[in-house]
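**Student:** Right, I'll just put the structure down here and ask away after.
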Amino acid sequence: MSILSSIASPADLRQRSRAELGQLCSELRQFLLESVSKTGGHLSSNLGTVELTVAIHSVFNTPFDRLIWDVGHQSYAHKILTGRREAMAQLRQLDGLSGFPKRSESEYDAFGTAHSSTSISAALGMALASKLKGESEGSGRRRHIAVIGDGAMSAGMAFEALNNAGIHKDIDLLVILNDNEMSISPPVGAMSNYLARLMTSRTYNAARELGKQILGAVPPVLDIARRLEGGAKSLVSSSTLFEEFGFHYFGPVDGHDLDALIPALQNLREMRGPQFLHVVTRKGQGYELAERDPILYHGPGKFNPAEGIQPAAKPSLPSYSQIFGDWLCDAAAADPRVVGITPAMREGSGMVAFSERFPDRYHDVAIAEQHAVTFAAGMACEGLRPVVAIYSTFLQRGYDQLIHDVALQNLPVLFAVDRGGIVGADGATHAGVFDYAFLRTVPNMVVMAPKDEPECRAMLSLGLAIDGPSAVRYPRGAGMGVPAGQSLEALPLGRGEILREGKPDAEGHSVAILAFGSMVGPALAAAERLDAAVANMRFVKPIDAALVEDLANRYSLLVTVEEHQVMGGAGSAVAETLVALGERVPMVPIFHLGIPDVFIDQGDPAKLLARLGLDAEGIERAVRERLQLLKTTDDSGLQPALAAGQAVKLSA
């Protein structure tokens, strides 16, 4: 890798010949394959953008020119070429390199991205800011480039940005559509069909290119031709959708041909106004196994590139996504009103079997979370029972619709909220640590968190039976190893359970741990060493007030534990319940364990939970420290300062 090893920054690319850049692409693709196979990460999408990345950095003056990647999981080649080649060994690991663009990581990451369809809005904002600051004039003017995938183009936000950008005719904005004919799941919807038709209708593009070649040497005639171009288009093809938005459309261009890409980008660099370049790439390009199955190689773990991804030696525990998928099939077989909805996450949400068994009741709405929620509301209005399978952080994007279109009308929509809590390698952008807070504040909502697989099924069944909105929130990865069974029996609404009774210590202090969802297991392990009580609370809303009252009357310290932010979370709901109970409970210290008021970066989930004190050892340690504070209070008669502001003493 003689050329790649000599590239310290994009400035080095601009000194290389076209042939050398071609060799660099080969070396870069090989480095990507070897690197990602050792760390895990997004592979297919990054193999597909090698030539595009090299071409952009060789033509544009990054980081002065702003480059924004959308979604961001195709930016590994960008990271390697911008001084982070050695850091790729720690990609997506604890204290290592983020798997997405991150402004604090590099000046070349102009905008942090990880969720879809934000790039055009951000690039437009930057372009207008440059204009206001006087950076848009002269030979050294600043350019702004947004690279967006065809899957991301299905989201409404992308079209909102296109609509706004088209009215600004004097900005330096280039939108590059990286069209690889798929997002994570196979492409769906009218946009996908439109792009396919556009790619096969080359008559207009060929005619325009021929005209440029003939007239390019005669500027006055070319100027006349440009004025006539709008009328002449009708002779060969209607204008593209993007031109109707006010962009100049160019393409399709082969995204793996530097001899096509670089001249196109050089020409576009000199043009003013909103420009749109349609680039066609192939996911997995250059690695045959990924080309054949780009979905399998979208986000693989570690593997041997020579052998490819091999089947697991022995069956692993089913994931909560699989538990949900199995339940959805069983529920649909039992109730013809059940329909399943996903915003482009069929595989990740465990809906492949459902899509095959019930194709007429399966709806992939593409990357359009807002639409997914209101679409479900419309179905619920007509008597169906829609189930929206959605990641916790993706539901954030549909929050307005959840409030106004579902909850306000008290419609029976069940949200299967996947990836709740720490998600590991994807980091802060995908960590589902806000959902308890934003869901429990919405009237009519029921919010549940299962401790294990059968409880997950029972909660889903309850949510389906409720005549109103509900959410079952479960973590990423495998469950507890408890056989889920096939029961469709529902849990009783708003009822928790005591899993373990506790005993007072020598000084008479007793502890009750109120655990939510994934924290029940660690809480039980800590309680064995503490001889503490453990309650599986099950419901974040409605909180089991009778259970809280019982524990407050029998134990001298209450500890809430949740894989969620402390602020506004399930522990806050318990504290609010204690206040509402008033004189029915004594003044009881309550201590909240959870995620602090910070964003949690990428890393192994177990290591992150240990660092946050949310494993069994961390829970035990925190409780013992709090008991010591109580004993100090008993001895001195004074309440000591409480660490980190996490514990409060409540009274009516």
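**Student:** How many residues does region 487-508 contain that are touching a Ser or Thr at 6+ places or on another chain (Cβ under 7 Å) and loosely packed, with under 14 Cβ neighbours inside 10 Å?
**Tutor:** Number satisfying all stated conditions: 3.
**Student:** I need a count of the residues in region 328-347 that are in contact (Cβ under 8 Å) with a residue 60 or more places away in the chain, part of a loop (DSSP other than H, G, I, E, B) and touching a Lys or Arg at 6+ places or on another chain (Cβ under 9 Å).
**Tutor:** 1
**Student:** In addition: Hey, any hits in region 97-107 for a residue that's polar (S, T, N, Q), more than 21 Å from LEU268 (Cβ to Cβ) and surrounded by fewer than 20 Cβ atoms within 10 Å (Cβ to Cβ)?
**Tutor:** Looking through region 97-107, at least one residue is polar (S, T, N, Q), more than 21 Å from LEU268 (Cβ to Cβ) and surrounded by fewer than 20 Cβ atoms within 10 Å (Cβ to Cβ).
**Student:** Now for a different question. Being of a type in the set (Asp, Glu), open to solvent by less than 70 Å² (accessible area, probe 1.4 Å) and at pLDDT 95 or above is the filter here; which residues of region 332-360 pass it? Full working, then the answer.
**Tutor:** As a first pass, look at region 332-360 and keep what is of a type in the set (Asp, Glu): 335, 347, 356, 360.
Keeping just the survivors that are open to solvent by less than 70 Å² (accessible area, probe 1.4 Å) gives 335, 347.
Listed by number, the list holds a single entry, ASP335.
**Student:** For region 72-85, which residues satisfy the criterion of being in a helix (DSSP H, G or I), of a type outside the set (A, V, I, L, M, F, W, C) and touching a residue at least 60 places away in the same chain (Cβ under 8 Å)?
**Tutor:** THR82, GLY83
**Student:** So, in region 244-290, of the ones that are without any contact (Cβ under 8 Å) to a residue 12 or more places away in the chain and in a helix (DSSP H, G or I), which residue ends up nearest to SER130 (Cα to Cα)? Let's see the steps before the verdict.
**Tutor:** In the first step, residues of region 244-290 are kept if they are without any contact (Cβ under 8 Å) to a residue 12 or more places away in the chain; the result is 244, 260, 263, 267, 270, 288.
Within this subset, residues satisfying the condition of being in a helix (DSSP H, G or I) are 244, 260, 263, 267, 288.
On the way: GLU244: 25, ALA260: 29, PRO263: 25, ASN267: 21, GLU288: 43 Å.
Only one residue tops the list, namely ASN267.
Yes or no, residue by residue, for (1) in a helix (DSSP H, G or I); (2) of a type in the set (D, E, K, R); (3) open to solvent by less than 10 Å² (accessible area, probe 1.4 Å):
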{"position": "ARG141", "(1), (2), (3)": "no, yes, no"}
{"position": "MET153", "(1), (2), (3)": "yes, no, yes"}
{"position": "ALA161", "(1), (2), (3)": "yes, no, yes"}
{"position": "ASN164", "(1), (2), (3)": "yes, no, no"}
{"position": "LYS169", "(1), (2), (3)": "no, yes, no"}
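**Student:** So, in region 17-71, exactly how many residues are assigned to a strand (DSSP E or B) and without any contact (Cβ under 8 Å) to a residue 40 or more places away in the chain?
**Tutor:** Number satisfying all stated conditions: 0.
**Student:** Here is a follow-up. If I filter region 512-562 down to residues being acidic (Asp, Glu) and open to solvent by less than 20 Å² (accessible area, probe 1.4 Å), which single residue comes out as nearest to ILE595 (Cα to Cα)?
**Tutor:** Pass one, region 512-562, residues acidic (Asp, Glu): 528, 531, 544, 549-550, 562.
Filter once more, keeping what is open to solvent by less than 20 Å² (accessible area, probe 1.4 Å): 544, 562.
Working: ASP544: 23, GLU562: 8 Å.
Looking at residues that are acidic (Asp, Glu) and open to solvent by less than 20 Å² (accessible area, probe 1.4 Å), I get GLU562.
**Student:** A further question follows. Conditions: (1) in contact with an Asp or Glu (Cβ under 7 Å, 6 or more places away or on another chain); (2) on the phi < 0 side of the Ramachandran plot. GLY340 meets all but one. Number of the miss?
**Tutor:** Here GLY340 clears every test but (1).
**Student:** Mind counting the residues in region 571-609 that are open to solvent by less than 40 Å² (accessible area, probe 1.4 Å), part of a helix (DSSP H, G or I) and in contact with a Gly (Cβ under 8 Å, 6 or more places away or on another chain)?
**Tutor:** Total meeting the criteria: 3.
**Student:** For the condition under 23 Å from ARG611 (Cα atoms) and either assigned to a loop (DSSP other than H, G, I, E, B) or open to solvent by 20 Å² or more (accessible area, probe 1.4 Å) (or both), what is the one hit in ALA484, ALA437? Please lay out each step first, then the result.
**Tutor:** Values: ALA484 fails: under 23 Å from ARG611 (Cα atoms).
Just one listed residue meets the conditions, ALA437.
The values are calculated or read from the model by the stated rules, or taken from the named source; none is laboratory data. Just so we're clear, the structure is a prediction, and the values are computed from it rather than from any experiment. Virtual Cβ from ideal backbone geometry, glycine too; neighbours counted across all protein chains shown. In case anyone asks, the SASA skips ligands and DNA or RNA and just uses the protein heavy atoms, side chains included. Shrake-Rupley method; radii C 1.70, N 1.55, O 1.52, S 1.80 Å.
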